[in-house]
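Read-outs throughout are calculated quantities, based only on the coordinates presented, and are distinct from any laboratory measurement. Note that the structure is predicted; figures quoted are calculated from it, not measured. So basically every Cβ, Gly included, is an ideal-geometry build from the backbone, and we count neighbours across all protein chains shown.
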Amino acid sequence: MIVRWLLFIPVLLVAFACVSVRSGYSLGAEDTGTTKNVTVGSELRLVLPADVDWTLESTNTTALALKSTQVGNVGSSSMRTWLFDVKQAGDYVVRATGDAQCRKNVPPCATPTVRYEFNIRARQS
């Protein structure tokens, strides 16, 4: 049994050596109007409800490069996550504008548009 574990340890070391770990920062609706200090080379996650049609705008799409988008559940809530790479130092704004899906109906529902604004301050490490 001990010999089997000793043979398994190098396999684990190789597997963990292949994993890339990056520092990351998260933003959500509760962060609107605030400034998030981040480091160039890190990842920034924006998490908002998935039951809304979102439009994102950034004041510098080169500095905050969209890497991926996904939808998943957090508890009983469906959430959409955007993952950005922070590529350049500077001060940027990300705006999220969301409309309820029923706004596409004829006639549209009266649910108001949701707007969030996130200030990002990216600095070199």
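List of remarks:
- For a straight C-alpha distance cut-off of 26 angstrom, the lysines reachable from Lys87 (same-chain residues fewer than eight places away being disregarded) are Lys36, Lys67.
- For Gly24, residues with placed amide H under 5 Å, excluding near neighbours: Glu43
- Taking the Cα centre of the stretch 24-123 as reference, the dipole from Cβ charges on Lys and Arg (+1) and Asp and Glu (-1) amounts to some 140 debye.
- By the count of neighbouring beta-carbon atoms within 10 Å, fewest first, Arg45, Arg121 end up ordered Arg121, Arg45.
- Between Val74 and Glu117, the contour length at 0.36 nm per residue exceeds the alpha carbon distance by 13.2 nm.
- Ala110-Ala65 pseudo-label distance in nm [points 7 Å out on the Cα-to-Cβ vector]: 4.7
- Ranked Leu46, Leu83, Leu56, criterion: other C-beta atoms within 10 Å, fewest first: Leu83, Leu56, Leu46
- Distance between the 7 Å Cα→Cβ label points at Thr39 and Ser26: 1.9 nm.
- A Förster distance of 25 Å, applied to the separation of the beta-carbon atoms of Glu57 and Arg103, puts the FRET efficiency at 0.85.
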